[in-house]
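Colleague: My structure is below; once you've seen it, I'll send some questions.
The values are calculated or read from the model by the stated rules, or taken from the named source; none is laboratory data. What you see is a predicted model, and the numbers here were worked out from it, not measured in a lab. Because the Cβ atoms are built from the backbone with ideal geometry, glycine has one as well, and the counts that use them run over all protein chains shown. For the accessible areas, the whole protein counts, side chains as well, though only heavy atoms, and no ligand, DNA or RNA atoms are used. Shrake-Rupley method; radii C 1.70, N 1.55, O 1.52, S 1.80 Å.
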Amino acid sequence: MNVGDLSRMPDARGHFGPYGGRYVAETLMPALLELDEAYATVREDGQFQQALKDLFSSYSGRPTPLFFAGRLTEKAGGAKIYLKREDLAHTGAHKINNTLGQALLARWMGKNKLIAETGAGQHGVATATAAALFGMECKIFMGTEDVRRQAPNVSRMELLGAQVVPVDAGSSTLKDAMNEAMRYWVGAVEDTYYVIGSVAGPHPYPQMVRDFQRVIGDEAREQILAAEGRLPDLLVACVGGGSNAMGLFYPFVNDGVAMVGVEAGGMGVSTGKHAATLGAGSVGVLHGSKSYVLQDEHGQIKEAHSISAGLDYPGVGPEHSLFKDLGVAAYVSVTDDEALDAFHALARAEGILPAMESSHALAQAMKEAANRPKEQVILVNLSGRGDKDLSIVMENRKGIVP
Amino acid sequence: MSRISHTFEKLSARGEKALVAFLSAGDPDRERSMAAIRALVEGGADVLELGVPFSDPTADGPVIQRASQRALSAGMTLPGVLSMAGEIRAEFPDLPVVIFSYYNPILSMDGRFHAEAVAAGADGLLVVDLPVEESDELTGSWDEGLDFIRLVAPTTPKERMKAICEKASGFVYLVSMTGVTGSEGLKQEVAATCARAVKSVTGLPLCVGFGVSTPEQAGLLSRAADGVVVGSAFCKMLEQGAAPDELRDFAASLKQGMKESGK
């Protein structure tokens, strides 16, 4: 497949090679076209970009540090491991990069009501935060299973003034929250802005969210050059919808740096209880774009499984599907148990509690480091902090830690 | 001339409007779904929309969501829906049958949909989440045999309406309100205004649907259109265990409402 310069993706209609596009009900099309036009304008608007940059530095604490994890490196016994500390961004994850961008765009478009879906609750919290900051109304859709397992984030959203709408359908997780957010949007599209939290959904979301998240990779590239005098040998990030991974990968896309996206292997891909969409899925259309999805032979979407609510999703951003097909990035999976082990390893080695999502990336990074010489450099996106996951981790402690 | 066009011509000659009945195929199982379809046709349904149940129906309200779920639980698939279409074709040679689906089940048939749908005797296809920007990948290689019904929404600007209608065949489906299927709060005047706008850009028959649940509503809406689509109301009756006779009588009352309104 010859798709030309990857950094110039998508095309004008939102296609990343055979993926992406706009597969939505007609009721939403005019709103998406309006959004596309608005985003194309602010993308080139110096004032808008400066306002976002100012918020990044004065409000969300950017740039986030790049930390050399010396003790974790020693423990893994090979290549150097660096952590891009998105867990230190305001609200505790990379999600704020995107919600500040989209809320600023919503204001620019004159829309004063935000809605969002959330899985782990990090995107919901980040959207509620942006809504509070801009004085906007906010409604967050969240599966009842996730409401249960990410309870602290539900309270955070409510304290920030958002209304959390529990969604009890299907597996009652991220996919169902997104279904419900889209249904609500169909009925409220005239005055409501939908803040999609990943590089998924119909065009222009995959492009827009990537652009707002690329700050991760832009900073990391500069920081690793300063620290090591060269580019890393490997980038590692977890992939649910794929926004933190795309944010890290995209600025390196013409550098020839190896990249690994880590999906949730759940209880093991062979058990069928996993969220390894790129690893075990096939091409389909879900939530407005064409991409890999987990589905049965008749095109019905399967339920995903992961200990991590943020990765528990049977779809993935279309640009990742293209990266997979072209071999730009490799996609692997890490099981629930491996991710839990990595959580404990980082906590003990570096004094950092990672999010369960990011723990998947850490588990893979430690495996990769062990197999590589000490001169090599691995850069991991530590996409969020683990405070929200304490109850899950404690439930699954199983005597790992005395 | 397609069975769909022929039906609208016939109705128009009689001064009648079409009752387009939607059911989620296979709800609650194949046998009872077939019985419900027979009852609706007996009651006066002029066009049948066979809904393909989908796991993630993002344009549907709770009633059709549950109907889809029941059909899926009973094992319904898109090939299963086409097989139902074949059975309906054999029983009702003149009844236009439109397959109403989300895109993913069709995509999963890997290009075989058109030939198999035509072979089964289906007359048209409507894909909820395949807007005019993306539909060439499906219909680009189609030859005759299947009408492609397109949706127009109250949010659709006039220029876009024109572009959509130019690529439509069979009839045009106007979504009566900004919302999912089965929503409440249908506003006749708004829908009628939209209907007039669509009529001004196309000569195709126009059917209006979403949120129509009473003979009065069907009657009022039918004044501005060539047909009215009713779906959630039938699905709700099935959910509540209505017998075929009740479905037949309700279909007849909708049809009667449209006839009286046209007088």
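Colleague: If packing is taken as the mean number of other Cβ atoms within 10 Å per residue, what is the order of B:135-146, A:257-268, highest first? Please report the intermediate quantities before stating the final value.
Modeller: Working: B:135-146: 13.0, A:257-268: 23.6.
Ranking the peptides B:135-146, A:257-268 by packing returns A:257-268, B:135-146.
Colleague: Could you tell me which of rounded, prolate or oblate describes the range A:246-308, using a ≥ b ≥ c as the square roots of the eigenvalues of the alpha-carbon gyration tensor, with rounded for a/c under 1.5 and, failing that, prolate when a/b is larger than b/c and oblate otherwise?
Modeller: oblate
Colleague: So, counting K/R as plus one and D/E as minus one, what does the shell of residues with Cβ under 14 Å around B:T58 add up to?
Modeller: With Lys, Arg at +1 and Asp, Glu at -1, the net is -4.
Colleague: Next question. Counting each DSSP H run of 4 or more residues in chain A as -39500 (n - 2.57), what helix-only mean residue ellipticity at 222 nm follows after dividing by all residues, to the nearest 500 deg cm²/dmol?
Modeller: After summing the helix terms and dividing by the residues of chain A, the value is -13000 deg cm²/dmol.
Colleague: Mind checking which aspartates and glutamates have their Cα closer than 16 Å to the Cα of B:K259? Skip sequence neighbours fewer than 8 apart in that chain.
Modeller: Counting by Cα, and skipping residues close in sequence, B:K259 has these aspartates and glutamates nearby: B:E16, B:D46, B:E216, B:D226, B:D249.
Colleague: Work out the length of the dipole vector of the range B:115-261 about its Cα centre, built from +1 on the beta-carbon of each Lys and Arg and -1 on the beta-carbon of each Asp and Glu, and round it to the nearest 20 debye.
Modeller: Numbers: 13 positive and 21 negative charges, 150 e Å.
Computed charge dipole of the range B:115-261: roughly 720 debye.
Colleague: Here is a follow-up. Working with all protein chains in place, sort A:K324, A:K53, A:K111 by solvent-accessible area computed with a 1.4 Å probe, largest first.
Modeller: Details: A:K324 70, A:K53 130, A:K111 25 Å².
Reading off the accessible areas and sorting them downward yields A:K53, A:K324, A:K111.
Colleague: For the full complex of protein chains and a 1.4 angstrom probe, list A:R149, A:R8 by accessible area with the highest value first.
Modeller: A:R8, A:R149
Colleague: If you roll a 1.4 Å probe over the heavy atoms of the protein chains, what accessible area per residue do you get for the protein assembly as shown, in Å²? Before the final figure, lay out each step's value.
Modeller: Details: 23210 Å² over 665 residues.
Value for the protein assembly as shown: 35 Å² per residue.
Colleague: Which whole-Hz couplings ³J(HN,Hα) result when phi for each residue of the range B:76-91 is put into the Karplus expression 6.51 cos²θ - 1.76 cosθ + 1.60, θ = phi - 60°, listed in order with x for Gly and Pro?
Modeller: 6, 9, 4, x, x, 5, 5, 5, 4, 4, x, 5, 5, 4, 5, 7
Colleague: Read phi for every residue in the range B:215-221 and hand back ³J(HN,Hα) as whole Hz from Karplus 6.51 cos²θ - 1.76 cosθ + 1.60, θ = phi - 60°, with x for Gly and Pro.
Modeller: Whole-Hz 3J(HN,Hα) from phi for the range B:215-221: x, 5, 4, 4, x, 5, 5.
Colleague: If you don't mind, another one. Using only Cα atoms and rounding to the nearest 10 degrees, what angle (0 to 90) does helix A:46-58 make with the longest principal axis of chain A?
Modeller: Helix A:46-58 and the main axis of chain A meet at about 50 degrees.
Colleague: Taking H as built 1.01 Å from N, whose amide H comes closer than 5 Å to the amide H of A:M259, not counting residues under 5 places away?
Modeller: Residues meeting the amide H criterion: A:L235, A:A330.
Colleague: Below 12 angstrom from the Cβ of A:V42, what's the summed charge of the other residues (Lys, Arg +1; Asp, Glu -1)?
Modeller: Residues close to A:V42 contribute a combined charge of -3.
Colleague: Lys and Arg at +1, Asp and Glu at -1: add these up for the other residues within a Cβ distance under 11 Å of B:F210 and post the number.
Modeller: Once positives and negatives cancel, what remains is -2.
Colleague: Here is a further query. Got a sec? Charge dipole of the protein assembly as shown, +1 on Cβ for Lys and Arg, -1 for Asp and Glu; which of A:I352, A:Y19, A:V380 is way out at the positive end?
Modeller: Value: A:I352.
Colleague: Would you mind checking which residues have amide H under 5 Å from B:L206's amide H? H placed 1.01 Å from N; only 5 or more apart, or other chain.
Modeller: B:V172, B:D226, B:G227
Colleague: Oh, and also: What is the mean number of Cβ atoms from other protein chains located within 10 Å of the Cβ atom of each residue in peptide A:292-300, rounded to a whole number?
Modeller: That average works out to 6.
Colleague: Using the alpha-carbon atoms, what tilt in degrees (0 to 90, nearest 10) does helix A:122-134 show relative to the longest principal axis of chain A?
Modeller: 50 degrees
Colleague: When we measure straight from the Cα of B:K255, which lysines land under 17 angstrom away, once same-chain ones fewer than 8 places off are left out?
Modeller: B:K10, B:K17, B:K263
Colleague: OK, next. What are the lysines whose alpha-carbon lies under 22 Å from the alpha-carbon of A:K84, with same-chain residues fewer than 8 places away excluded?
Modeller: Output for A:K84: A:K53, A:K75, A:K95, A:K367, A:K374, A:K388.
Colleague: Take peptide B:157-169, look around each residue's Cβ out to 10 angstrom, count Cβ atoms belonging to other protein chains, and average those counts.
Modeller: Average per residue, whole number: 1.
Colleague: As I understand it, the dipole of the range A:151-245 uses +1 on the Cβ of Lys and Arg and -1 on the Cβ of Asp and Glu, about the Cα centre. Which of A:N153, A:L234, A:M178 lies farthest toward its positive end?
Modeller: Toward the positive end, the furthest listed residue is A:L234.
Colleague: Sort A:K75, A:K139 by accessible area with a 1.4 Å probe, largest first.
Modeller: If we order A:K75, A:K139 from most to least accessible, we get A:K75, A:K139.
Colleague: Still on this structure: Provide the percentage of antiparallel DSSP beta bridges, counting only those with both residues in the protein assembly as shown; round to the nearest 5.
Modeller: Percent antiparallel among DSSP bridges in the protein assembly as shown is about 20.
Colleague: Given the DSSP H assignment, sum -39500 (n - 2.57) over each helix run of at least 4 residues in chain B and divide by its residue total; what's the result at 222 nm in deg cm²/dmol, nearest 500?
Modeller: Counting only the DSSP helices, I get -14000 deg cm²/dmol.
Colleague: Relative to the Cα centre, what is the charge dipole magnitude of the range A:156-303, using +1 at the beta carbon of each Lys and Arg, -1 at the beta carbon of each Asp and Glu, and rounding to the nearest 20 debye?
Modeller: It comes to approximately 180 debye.
Colleague: Considering every residue in B:171-180, what mean count of other chain Cβ atoms within 10 Å of its Cβ is obtained?
Modeller: Taking all residues of B:171-180 together, the mean is 3.
Colleague: Now a separate question. Which percent, nearest 5, of DSSP beta bridges in the range A:46-161 are antiparallel? All intermediate terms of the calculation are to be shown ahead of the outcome.
Modeller: Details: 3 of 9 bridges.
The antiparallel fraction comes to roughly 35 percent.
Colleague: Here's something else I'd like to know. Averaging over all projection directions, find the projected area of the Cα convex hull of the protein assembly as shown and quote it in nm² with one decimal place.
Modeller: Mean shadow area of the hull around the Cα atoms is 28.5 nm².
Colleague: So who's got an amide H within less than 5 Å of the one on A:V167, skipping anything under 5 residues away but keeping other chains? H placed 1.01 Å off N, in plane.
Modeller: Those lying under 5 Å, H to H, from A:V167 are A:M142, A:G143, A:T144.
Colleague: For the Cα atoms of chain A, what angle does the longest principal axis make with the long axis of helix A:95-108, in degrees from 0 to 90, nearest 10?
Modeller: 20 degrees
Colleague: At a 1.4 Å probe, what is the % contribution of carbon and sulfur to the accessible area of the protein assembly as shown? Can you show the working numbers first?
Modeller: On the way: 11530 of 23210 Å².
So the carbon and sulfur contribution to the accessible surface is 50 percent.
Colleague: Along the range B:204-209, what does the Karplus equation 6.51 cos²θ - 1.76 cosθ + 1.60 (θ = phi - 60°) give for ³J(HN,Hα), rounded to whole Hz, x for Gly and Pro?
Modeller: 5, x, 10, 10, 10, x
Colleague: So what's the gap between the Cα centers of the range B:1-51 and the range A:126-170, to the nearest angstrom?
Modeller: First find each Cα centre; the distance between them is then 43 Å.
Colleague: Here is a follow-up. Rounded to the nearest 20 debye, what is the charge dipole size of the protein assembly as shown about its Cα centre when +1 sits on each Lys and Arg Cβ and -1 on each Asp and Glu Cβ? The partial results should precede the final answer.
Modeller: Working: 62 positive and 82 negative charges, 196 e Å.
In debye, rounded to 20, the protein assembly as shown gives about 940.
Colleague: At 7 Å along Cα-to-Cβ for each site, give me the label-to-label distance between A:E297 and A:E34 in nm.
Modeller: Roughly 4.5 nm, to one decimal.
Colleague: I've got another one for you. Find how many whole Å separate the alpha carbon centroid of the range B:117-189 from the alpha carbon centroid of the range A:7-58.
Modeller: Rounded to whole Å, the Cα centres lie 26 Å apart.
Colleague: For chain A, calculate the relative contact order in percent as a whole number, restricting contacts to Cα pairs under 8 Å that are 6 or more residues apart.
Modeller: The value is 21 percent.
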